[in-house]
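The values are calculated or read from the model by the stated rules, or taken from the named source; none is laboratory data. The structure displayed is predicted, hence computed values, not measured ones. With ideal geometry, Cβ positions are generated from the backbone for all residues, glycine too; neighbour counts draw on all protein chains shown.
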Amino acid sequence: MKVKEKQAAFATDEKVNGADLFIKALVEENVDTVFGYPGGAVLPIYDALFRHEFPFEHILFRHEQGMIHAAEGYARVTGKPGVVIATSGPGATNLITGITDAMMDSLPLVVFTGQVSKSVIGTDAFQEADVMGITTPITKYNYQVQNIADLPATVSKAFHIATTGRPGPVLIDIPKNISQEMTAGDFDNKFTVPGYQPTMNPNPLQIRKLATALRNAKRPVLLAGAGVTIADGAHELKEFAEKYNIPVVNTLLGLGSFPGSNPLSLGMGGMHGTYAANMAMYEADLLINIGARFDDRLTGNTEHFAPNAKVAHIDIDPAEIGKIISTDIPVVADAKKALNALLSDENEQSNHNAWLEKLGANKKDYPLWYKHSEDKISPQWLIKQIHHASNGEAIVATDVGQHQMWAAQFYQFDKPHNWITSGGLGTMGFGLPAAVGAQIGRPDDTVVAILGDGGVQMTIQELAVLADKNLPVKVFIVNNEALGMVRQWQEKFHGERYSESLLTKNPDFVKLAEGFGVRGLKVEREEDVPELLEDIFSYDGPVVVDCRIDWKEKVFPMIAPGKGIHEMIGVEVEK
Amino acid sequence: MRRIITAVVQNQSGVLNRITGMLNKRQFNIESISVGTSETEGISKMTFVVDVSDQQKLEQLTKQLNKQIEVLKVSDITDKAIVARELALIKVGSNAQLRAEIQGIITPFRASIIDVSKESLAIQVTGKPDKIDALISLLKPYGIKELTRTGVTAFLRGQQPEQQVTEIHSFSI
């Protein structure tokens with residue numbers, strides 16, 4: 001049904017309940033997919049969904065944590081808000097990790113939780129939890145509906161707040177008596193939010209200042225974060241970098257906002273970034289941060305971060321500016337609008353060829369490196385093969401840990417909106433459901449999930465959704481029978497005392513996949529990889545591949561904890 | 001450094017929780033908070049006295065307050081011409097002999113005795129925090145049995161000398 005028809009279908013009902021109004025409000029927000037799980041407090045909502053013949057797709061996950069990560073994946077690759085419905089109590093508390101993750105990584109989510117009826121709120125009723133109290137610090141905004149007349153406007157407002165400015169999760173708690181209440185009223189969905197007016201356009205004076213700084217810079221660097229992708233500013237970023245010949249460092253979440261294959265790209269910066277990227281930030285005299293928040297995994301020890309640089313910071317969230325790194329030229333604006341303002345400001349080229357040559361030499365002499373494992377698969381090589389087999393165009397979702405860093409380092413992203421990873425919160429169990437959500441949001445694209453054997457076991461039940469909906473996600477378990485990143489830190493910084501980090505009793509992932517109705521494969525030698533990849537990328541259905549790697553593999557180069565970005569270890573010179 | 005910050009907020013359920021939670025999470029050291037309704041219906045005013053280490057931390061505090069959806073306006077009024085008051089209720093040990101002596105101490109502070117019992121006196125005092133501190137220290141020798149303070153509430157004087165008030169909007173930069 002088209003949206004107009006759907007709205008007409010609602011208009012014919014004379015007396016409706018709160019749940020009907022709620023479904024109608026979602027339709028009016030043009031929601032096409034909802035990630036949900038039914039339960040007592042949302043029974044009226046699920047009944048309304050059924051009676052209205054599912055005016056949008058509802059995907060039933062197997063755990064609330066899975067569905068909210070799926071909503072995050074969906075939001076990341078489509079730019080649209082991920083919509084979630086869960087029941088009260090445990091349904092709501094199972095969402096907490098995903099809500100926090102979305103808050104940290106600025107993902108638009110609109111989360112609806114059922115609540116026990118108003119008459120029993122506060123009495124420790126069955127499946128009651130103080131969801132408002134719990135989610136206040138982890139949402140951009142939350143609200144409990146007190147009155148059926150407020151419901152349509154509240155839904156509208158939730159979508160507005162979640163998707164504008166710096167996106168984030170908004171939670172609406174709906175007591176059961178509200179969704180059950182009968183009404184003949186057709187309530188207005190108009191709302192005002194006087195305390196929330198994000199600044200979109202940059203201050204022209206600040207843009208002038210930035211342009212002047214750029215003209216005088218001898219060693220300029222751009223640091224591009226996810227803010228560029230969220231603002232749809234990748235095209236403008238490329239134009240700006242190329243116009244003034246400024247090298248670009250990407251943050252982990254910013255990968256893809258600037259083409260990795262572009263000669264001006266220095267790759268990822270930070271703890272496991274490239275030597276060239278980190279040294280560029282260390283030696284720069286002008287650092288222009290666009291849409292990144294100077295996370296500690298990027299800056300290393302802040303004392304040594306860009307010590308000689310004039311810092312310009314473009315961010316839509318004023319609270320990010322000056323939070324970690326003191327800023328000389330603050331610009332509060334949408335990344336795309338700021339880039340457009342910079343592009344329209346006629347500026348002379350600064351001459352910094354010597355700088356570009358130096359960075360080019362760093363890039364060439366100190367590339368990312370790996371060694372082939374003797375009898376197992378080297379994970380970095382595997383990622384490169386996956387890149388090759390998917391023409392570098394796949395949507396890649398990862399979990400958290402070593403495989404995440406290898407994917408970030410070796411799957412070169414040329415396009416925005418194709419990279420899904422949990423950056424701020426570092427959530428294990430994120431990758432598989434996020435890939436499922438991405439495939440639902442972009443059904444025609446190839447979706448690859450690169451996971452660890454530890455993280456995949458946290459949300460592996462969502463393989464059921466892959467089988468159920470026949471979603472052709474290619475799942476690679478980079479299996480080292482260990483919690484690899486924990487193990488690496490124990491090896492390097494805790495005297496090789498592998499405290500609870502070895503997973504010697506892993507399940508048989510092939511059988512496990514088959515049990516869920518998903519094709520399962522296992523690969524142990526590099527020589528078998530090319531053929532296997534050809535097979536699975538031409539297979540139209542979900543696949544799980546158990547890829548055996550050497551448990552001793554480590555992620556390099558790295559900045560040790562407490563060290564500066566100029567003190568990387570594990571840097572190898574290209575011979 | 002001690003600063004007095006005022007915030008104009010929408011009077012919605014959970015707003016105080018949201019703000020104190022944020023201050024706690026971000027490790028801001030609050031000396032006092034006072035909240036109450038304002039001249040406009042549905043709008044409340046909060047006054048914070050905070051102890052921040054430097055300008056950068058102060059800037060973060062005002063920005064984080066401004067970021068809250070229900071917060072309409074944040075002002076640092078410390079360096080302005082302001083009227084700032086708090087109320088304290090002080091119960092001190094006293095008997096009939098001491099009553100007059102205590103009365104003598106509190107008179108210059110324009111404090112008043114609002115309750116008398118056989119063994120104690122309740123004193124009410126309003127004023128700037130340092131005035132209240134001074135009175136408390138004078139009363140200490142008599143034995144303070146109970147003490148409660150409301151925290152500072154403040155606003156700008158009707159007339160400001162020369163320079164204008166700086167309002168720290170979310171779009172100040």
The range B:1-24 - residue that is more than 11 Å from every other protein chain (Cβ to nearest Cβ) and part of a strand (DSSP E or B) and, of those, modelled with the lowest pLDDT:
B:R2
Filter result (among the charged types (D, E, K, R) and closer than 22 Å to B:R2 by Cα) within the range B:109-166
B:K128, B:D130, B:K131, B:D133, B:R149, B:R157
Checked pairs for the range A:101-120, first part of a helix (DSSP H, G or I) and buried (at least 24 other Cβ atoms within 10 Å of the Cβ), second polar (S, T, N, Q) and at pLDDT 95 or above, C-beta under 6 Å and 6 or more apart or across chains, list as A:D101/A:S422; A:D101/A:T427
Within the range A:185-237, the residues that are basic (K, R) and touching a helix residue (DSSP H, G or I) at 6+ places or on another chain (Cβ under 8 Å) are A:K190, A:K218, A:R219
What about B:K131, is it surrounded by 13 or more Cβ atoms within 10 Å (Cβ to Cβ), within 14 Å of chain A (Cβ to nearest Cβ) and either within 21 Å of the chain's Cα centre (by Cα) or assigned to a strand (DSSP E or B) (or both)?
no
Would you mind stating whether A:H313 is under 20 Å from A:N216 (Cβ atoms) and modelled with pLDDT under 95?
no
Considering only residues that are among the aliphatic types (A, V, I, L, M) and more than 25 Å from A:I178 (Cβ to Cβ), which ones fall in the range A:103-116?
A:M103, A:M104, A:L107
If we take the range A:155-264, then strands (runs of 3 or more DSSP E) inside it with 3 or more residues that are not assigned by TED's automatic domain parsing to the domain that holds A:A48 and not charged (D, E, K, R) are A:220-224, A:248-250
Given the options A:Q457, A:Q404, A:Q488, name the one that is surrounded by fewer than 20 Cβ atoms within 10 Å (Cβ to Cβ) and either outside the structural domain of A:D105 (by TED's automatic domain parsing) or in contact (Cβ under 8 Å) with a residue 24 or more places away in the chain (or both).
A:Q457
Of the conditions (1) hydroxyl-bearing (S, T, Y); (2) more than 21 Å from A:Q146 (Cα to Cα); (3) loosely packed, with under 13 Cβ neighbours inside 10 Å, B:S32 clears all except one; give me its number.
(3)
Can you find a residue that is on the phi > 0 side of the Ramachandran plot and of a type in the set (D, E) anywhere in the range A:478-486?
yes
For the range A:313-328, what are the residues that are touching a helix residue (DSSP H, G or I) at 6+ places or on another chain (Cβ under 9 Å) and either farther than 19 Å from A:D285 by Cα or surrounded by fewer than 24 Cβ atoms within 10 Å (Cβ to Cβ) (or both)?
A:D315, A:I316, A:D317, A:P318, A:A319, A:E320, A:G322, A:K323, A:I324, A:I325, A:S326, A:D328
Selection within the range A:512-544 - free of Cβ contacts under 8 Å to residues at least 40 places away in the same chain, surrounded by 11 or more Cβ atoms within 10 Å (Cβ to Cβ) and more than 26 Å from A:H372 (Cα to Cα):
A:E514, A:G515, A:R519
Within the range B:1-54, tally of residues that are within 17 Å of A:N142 (Cα to Cα) and in contact with a strand residue (DSSP E or B) (Cβ under 9 Å, 6 or more places away or on another chain)
11
The condition of being away from chain A (no Cβ under 14 Å) and over 18 Å from the mean Cα position of the chain (by Cα) holds, among B:E39, B:E59, only for B:E39
For the range A:335-375, which residues satisfy the criterion of being away from chain B (no Cβ under 14 Å), within 30 Å of the chain's Cα centre (by Cα) and within 15 Å of A:P202 (Cβ to Cβ)?
A:A335, A:K336, A:L339, A:N340, A:A341, A:L342, A:L343
Quick check: anything in the range A:182-196 among the small types (G, A, S), farther than 20 Å from A:D317 by Cα and away from chain B (no Cβ under 14 Å)?
yes
Please go through the range A:265-298 and give me each residue that is surrounded by fewer than 24 Cβ atoms within 10 Å (Cβ to Cβ) and part of a helix (DSSP H, G or I), ordered by number.
A:Y275, A:M279, A:Y282, A:E283, A:D296, A:R297
Of the conditions (1) of a type outside the set (D, E, K, R); (2) within 13 Å of chain B (Cβ to nearest Cβ); (3) surrounded by fewer than 20 Cβ atoms within 10 Å (Cβ to Cβ); (4) in contact with a Phe, Trp or Tyr (Cβ under 7 Å, 6 or more places away or on another chain), A:V332 clears all except one; give me its number.
(3)
